[in-house]
Protein chains: 2
Amino acid sequence: MNQYSSLVSEEHILSCINKYFPDQSHFITAGRGDDCAILSVTSPLCISTDMFIENIHFRHSYFSPEDIGWKALAVNLSDIAACGAQPIGFTVGLALPLNTSIDILEGIYSGMSRLAKQFNLPLLGGDLSQASELSICITILGETHAPLLRAQAQPGDIIFIIGQVGLAHTGLQLLEQQGTKAIELYPKSCMAHLRPFPLIHEGLALSKMAKSWSQQTNTPHRLALIDNSDGLAQDIPRLLGKGKGADITIPALDHEIIQFIESHYTENEYSPDLHAVIGGEDYSLIGTCSPNFGAKLNMVISNLTIIGSVTDSEPILFNGQQMQGFDHFRGNYINPSNKL
Amino acid sequence: MNQYSSLVSEEHILSCINKYFPDQSHFITAGRGDDCAILSVTSPLCISTDMFIENIHFRHSYFSPEDIGWKALAVNLSDIAACGAQPIGFTVGLALPLNTSIDILEGIYSGMSRLAKQFNLPLLGGDLSQASELSICITILGETHAPLLRAQAQPGDIIFIIGQVGLAHTGLQLLEQQGTKAIELYPKSCMAHLRPFPLIHEGLALSKMAKSWSQQTNTPHRLALIDNSDGLAQDIPRLLGKGKGADITIPALDHEIIQFIESHYTENEYSPDLHAVIGGEDYSLIGTCSPNFGAKLNMVISNLTIIGSVTDSEPILFNGQQMQGFDHFRGNYINPSNKL
């Protein structure tokens, strides 16, 4: 890859990768460096792919290289969390512009490896290329004994959320307006956008509960789970499946969100409710389950809030209102994941 | 994904995907459309990721959309072939410029699905995004009972090749010079570059032979395999592993290659031998094995040629000469895969 020689050489990249990422785990028979990595997997395998692209999913103006590396992996890990699975490894397709410096590259791998280490996650392989913009395509693998899918809900089931709603969206708007200056004034919101923490442990705890419940009652579990990547207005219909409705009580918003809306909008122009519903990118988890099962959830997961119940037909009401995902900020900035 | 509305909408893309790609196989517990696909895999799992990027790996000027889709998948399948594995599914991260038309999109998926159908290969999921250039990042999974890795060679082992050498490189040079006009004059070379056919069946046959040999002799097999993606000069050292040498007889070149070199070079400026050695992108398979094992290879695989033997120290000689991968055509065009 001589094209990088002035700034980043292929050797630089490979030595960076070896410095930051382990190549061994008990799943790995042969690690990266061959045509394929070889894994030994006996439980059901979860797989997901997400891209993270310059000026679409991030901007260099307010994402540090570490943030870029962290978040590129985090959005993938969140899909594994939403399946109730244990991540076991990932591959990275990394495309870099010619003028990428070794510092930027080190930063990206350093941020990515910091998150990977939280889950002892090996890098299984990947590909490198030149390109006109920086893009990262990650495929992540996980294993699960009780996969948590969408669209298991039955009328009367409860709807719960784990984690925050609206913080990342506040961070996005502030960072777009003010750049990195926003980080001091609204640290929680900005970090929720720059460095979301995937709720792997919570997803795993739910999966274990579901499996154990299923064994005790001798019935299949119907715990459904999804991550809140595109906002409640878009993700709750996906969670419920076709034809279902819901009564949702929007959870309490963080004080930074209230402060942001009070400072930036005149009354009635934009409501905290709407902000919560169009949110997106929080990578919180939203789920449905039977009321009996739901009664035990709080004992296992502390940051879980029951926000409503499933009805047998549309619409989905948020605080009594129908609301659609809409955001005049989002115009030229694609945030939502567009899963196949 | 409103950003595509003038030309390609998200609905277009998803309906295209559903039209072209099956979502079911006996490995799939839950297909694409959830946060993860869920697979049931009990044999060793092979995984590989390759990118295919506009103006780096392909040009619109001579790649049809169908060629782009075909080749993006073919280069990934070749890694599965080089492991001696059966492909079982893949994910696609697809980034598209705003002005992509539905015809281009249909073409890409159509070409990709034509190759996928050859191997009953389901699409497991992926991601869509806007980007300034077209890029495709594919992760492919395979299963194998006897993985064929690199660097198993011992001195005295034979070296063999399955498939052609140098055709794709001829095609690349001609297409760069003459565009699609070259296809009529040099159809085999151009198609070798535009639509390489991954040697999955040959890889599988070798893997089965290796497993059976290993069981009969009660010893581990030492059949090593790699795909010829960067040319013999670069790929044979990777195949052999560190410190090994070889005596290679360059295999007979196709008449299109000879014709091309005679028409385009004066004598001594550029030799057919050098052309064969720097080749690349043929996605032929190169392997090493013990002479005893090698004696049976031709009975199983018809297009296999023994091209040399392994020595206990460098250098690697091609027709008696040391040769390095060098190509004045390659200047501003990255072709080699850069596997991690």
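The values are calculated or read from the model by the stated rules, or taken from the named source; none is laboratory data. Predicted, not measured: the structure shown is a model, and the values here were computed from it. Note that we place each Cβ from the backbone using ideal geometry, even for glycine, and neighbour counts take in every protein chain shown. In case anyone asks, the SASA skips ligands and DNA or RNA and just uses the protein heavy atoms, side chains included. Shrake-Rupley method; radii C 1.70, N 1.55, O 1.52, S 1.80 Å.
Given an 8 Å cut-off on Cα distances and at least 6 residues of separation, report the relative contact order of chain B as a percent.
For chain B, the relative contact order is 22 percent.
How high is the relative contact order of region B:138-209, in percent, with contacts defined as C-alpha pairs under 8 Å that are six or more residues apart?
Relative CO of region B:138-209 lands at 35 percent.
Count the net charge of all other residues whose Cβ sits under 14 Å from the Cβ of A:LEU141, scoring Lys and Arg as +1 and Asp and Glu as -1. Let's see the in-between values first.
Numbers: positive: A:ARG32; negative: A:ASP50, A:ASP79, A:GLU143, B:ASP35, B:GLU143.
Summing Lys/Arg as +1 and Asp/Glu as -1 gives -4.
At a probe radius of 1.4 Å, figure out the A/B buried accessible area, summed over both chains, and give it in Å² to the nearest 100.
Values: alone 15290 and 15290 Å², together 25190 Å².
Separately minus together, A and B give about 5400 Å² buried.
Stretched out fully, how many nm does the piece from A:SER25 to A:SER212 gain, at 0.36 nm a residue minus the Cα gap? Write down the numbers at each step before the final one.
On the way: separation 187, 0.36 × 187 = 67.32 nm, distance 2.71 nm.
Value of the extension gain: 64.6 nm.
Only helical DSSP H runs with n ≥ 4 go in: add -39500 (n - 2.57) per run for chain B, normalise by residue count and round the 222 nm mean residue ellipticity to 500 deg cm²/dmol.
Calculated at 222 nm, the ellipticity per residue is -10500 deg cm²/dmol.
Rounded to the nearest Å, what's the spacing between the alpha carbon centres of region A:208-246 and region A:109-138? Just the number, please.
30
Find out how many positive minus negative residues lie around B:ARG195, taking Lys and Arg as positive, Asp and Glu as negative, among other residues whose Cβ is under 13 Å from that of B:ARG195.
Numbers: positive: B:LYS71, B:ARG114, B:LYS188; negative: B:GLU66, B:ASP67, B:GLU281, B:ASP282.
Within the 13 Å Cβ shell, the charges total -1.
Report the FRET efficiency, 1/(1 + (r/R0)^6), for B:ASP273 and B:GLN178, where r is their Cβ-Cβ distance and R0 is 22 Å, rounded to 0.05.
Working from the Cβ atoms, E equals 0.35.
Residue by residue through region A:210-216, what is 3J(HN,Hα) from phi via Karplus (6.51 cos²θ - 1.76 cosθ + 1.60, θ = phi - 60°)? Round to whole Hz and write x for glycine and proline.
Working through the residues one at a time gives 5, 5, 5, 4, 4, 5, 5 Hz.
Using amide H atoms built in the peptide plane, which far-off residues or other-chain residues are under 5 Å from A:GLY308 H to H?
A:ILE159, A:THR249
To the nearest 10 degrees, how steep is helix A:102-118 against the longest Cα principal axis of chain A, on a 0 to 90 scale?
50
For region A:19-120, report the accessible area per residue in Å² (1.4 Å probe, heavy atoms, rounded to an integer).
Working: 2910 Å² over 102 residues.
Dividing the accessible area of region A:19-120 by its residue count gives 29 Å².
For region A:157-322, take every pair of Cα atoms, bin their distances at 10 Å starting from 0, and report each bin as a whole percent.
Each 10 Å bin holds this share of Cα pairs: 10, 38, 33, 15, 4, 1.
Once both axes come from the Cα atoms, what is the angle between helix A:255-264 and the longest principal axis of chain A, in degrees from 0 to 90, rounded to 10?
Helix A:255-264 sits roughly 90 degrees off the main axis of chain A.
Using the crude model of +1 on Lys and Arg Cβ and -1 on Asp and Glu Cβ, and no other charge, please compute the dipole size for chain A relative to its Cα centre, in debye to 20.
Here chain A has a charge dipole of around 920 debye.
Return the lysines within reach of B:LYS19: Cα separation strictly under 24 angstrom, same-chain partners fewer than 8 residues apart disregarded; answer none if there are no such residues.
A:LYS242, A:LYS339, B:LYS71, B:LYS117
Using θ = phi - 60° and the Karplus relation 6.51 cos²θ - 1.76 cosθ + 1.60, list the HN-Hα couplings for region B:12-19 in order, rounded to whole Hz, with x at every Gly or Pro.
3, 5, 5, 6, 4, 4, 5, 5
Placing +1 at every Lys and Arg Cβ and -1 at every Asp and Glu Cβ, with all other atoms neutral, what dipole size does region B:157-322 have around its Cα centre, in debye to the nearest 20?
On the way: 10 positive and 18 negative charges, 174 e Å.
Dipole of region B:157-322, to the nearest 20 debye: 840 debye.
What's the average, rounded to a whole number, of partner chain beta-carbon atoms within 10 Å of each residue's beta-carbon in A:139-145?
Averaged over the peptide's residues, the number is 4.
What are the residues whose amide H is under 5 Å from the amide H of B:GLY89, where those residues sit 5 or more places off or on another chain and H is modelled from the backbone?
Here the answer is B:LEU141, since their amide H atoms fall under 5 Å of that of B:GLY89.
Please tell me the relative contact order of region B:132-270 in percent, rounded to the nearest whole number, where contacts are Cα pairs under 8 Å and at least six residues apart. It would help to have the intermediate numbers written out before the result.
Details: 111 pairs, mean separation 48.2, N = 139.
Relative CO of region B:132-270 lands at 35 percent.
Please state the shape class of region B:1-98: rounded when a/c is under 1.5, otherwise prolate if a/b exceeds b/c and oblate if not, all from the C-alpha gyration tensor.
Oblate.
Length gain on complete extension for the stretch A:THR219 to A:THR266, per 0.36 nm per residue less the alpha carbon to alpha carbon distance? Could the numbers behind the result be given before it?
Values: separation 47, 0.36 × 47 = 16.92 nm, distance 5.20 nm.
Going from the current span to full extension adds 11.7 nm.
Take every DSSP beta bridge with both residues inside chain B and express the antiparallel ones as a percent of the total, to the nearest 5. Before the final figure, lay out the partial values.
Values: 40 of 52 bridges.
For chain B, the DSSP antiparallel bridge percentage is about 75.
When the accessible area of the protein assembly as shown is computed with all protein chains present and a 1.4 Å probe, what percentage of it is carbon and sulfur?
Answer for the protein assembly as shown is 49 percent, counting heavy atoms of protein chains only.
Return the sequence-ordered ³J(HN,Hα) values of region B:293-298 in whole Hz as given by the Karplus equation 6.51 cos²θ - 1.76 cosθ + 1.60 applied to θ = phi - 60°, using x for Gly and Pro.
5, x, 4, 9, 4, 5
Please report, in Å, the Rg and the Dmax of chain B, where both are computed over Cα atoms only.
20.7, 64
Could you give me D for the protein assembly as shown, from Stokes-Einstein at 37 °C and 0.692 mPa s, where the hydrodynamic radius is the Kirkwood radius over C-alpha pairs? Units µm² s⁻¹, please.
Translational D for this selection: 125 µm²/s.
Cross-link candidates for A:LYS296: which lysines have Cα within less than 23 Å, leaving aside residues fewer than 8 places away along the same chain?
A:LYS296 reaches A:LYS208, A:LYS211.
Within 14 Å, Cβ to Cβ, of B:ILE102, how many net charges do the neighbouring residues add up to if Lys/Arg are +1 and Asp/Glu are -1?
Neighbour charge sum, excluding B:ILE102 itself: -3.
Once you have a ≥ b ≥ c as the square roots of the Cα gyration tensor eigenvalues for region B:86-226, tell me rounded if a/c is under 1.5, and otherwise prolate or oblate according to whether a/b is larger than b/c.
On the way: a/c = 2.73, a/b = 1.54, b/c = 1.78.
Taking the square roots of the gyration eigenvalues as a ≥ b ≥ c, region B:86-226 is oblate.
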